Amino acid sequence: MKDDPDIRPLAARDLREAAALHLRAFPDSALTALGPESVRRYYEWQLTGPHETTALGVWHDGALAGFCFGGHFRGAMSGFLRRNRLHLAVRVATHPWLLANPLFRERLTSGLRILRRFARPPAPPAANPQPKPRRFGILSIAVDPRLHGLGLGKRLMQEAEACARRQAFPEMQLTVHPDNAQAIRFYEGLGWQKHPAGAAWTGEMRKSL
């Protein structure tokens, strides 16, 4: 008899399994192109960096079937790039065919811009800085493609929302590709709304708590 799926926090020991799941769920992503060790390092940074991270996994029949990384992140991408710049440089140098992938080139260019920005001296603080809104961001959510249709993604999102409420976040935020109609319908079914609404929408969605 199959076990019912259960949700619990992800630990460092789960990250190799999470990386393998990421590769199955996002086969065409730039991060996937870098290979499983790079993916593991990416999620390790989200788990151990200076963030307020809620990392959840859902298990089905004893195996990791999905995960969600949410919370308040400080340098989710920039910190990963800086901490792993040597590993990533070696990876690209030893796999030059990655540069033939337009999506990878775009992400590489974006990453180099981020690193250059952080290499500059910090700008002086504004005289009257406006406090940034405190939002619980969904950085990544993935479900094993072989297990779609079991409601695992919905359960992960519901548990992430419950965690955000317990931590007194007033709002949640995520970004989805504007052409991903299936994902957009999924989030809208859970009460998320496009922000800002209208023809100029670029993929940001929010949910008030």
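The values are calculated or read from the model by the stated rules, or taken from the named source; none is laboratory data. As the structure is a computational prediction, the values presented were derived from the model and not from experiment. Calculation scope for accessible area: heavy atoms of the full protein, side chains included, ligands and nucleic acids excluded. Shrake-Rupley method; radii C 1.70, N 1.55, O 1.52, S 1.80 Å.
The table that follows gives values for the structure above.
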| quantity | calculated |
| --- | --- |
| Rounded to whole Hz, the Karplus (6.51, -1.76, 1.60) HN-Hα couplings of segment 163-173, x for glycine and proline | 5, 4, 5, 5, 8, 6, 6, x, 7, 10, 8 |
| Distance from segment 130-209 to segment 4-71 (C-alpha centre basis), Å | 17 Å |
| Highest-fluctuation residue, Pro196, Pro50, Pro170 considered, GNM on the chain with Cα pairs under 10 Å | Pro196 |
| Surface per residue (accessible, 1.4 Å probe) for segment 136-206, Å² | 56 Å² |
| Heavy-atom accessible area per residue - segment 33-108, 1.4 Å, Å² | 45 Å² |
| Percent carbon-and-sulfur accessible area, the chain, ignoring ligands, DNA and RNA, probe 1.4 Å | 55 percent |
| Cα gyration tensor, segment 1-62 - rounded (a/c under 1.5), prolate or oblate | oblate |
| DSSP bridge orientation in the chain - percent antiparallel, rounded to nearest 5 | 90 percent |
| For Phe136, distant residues with modelled amide H under 5 Å away | Glu171, Met172, Gln173 |
| Choice from Thr53, Thr32, Thr94 with maximal GNM fluctuation in the chain (Cα, 10 Å cutoff) | Thr94 |
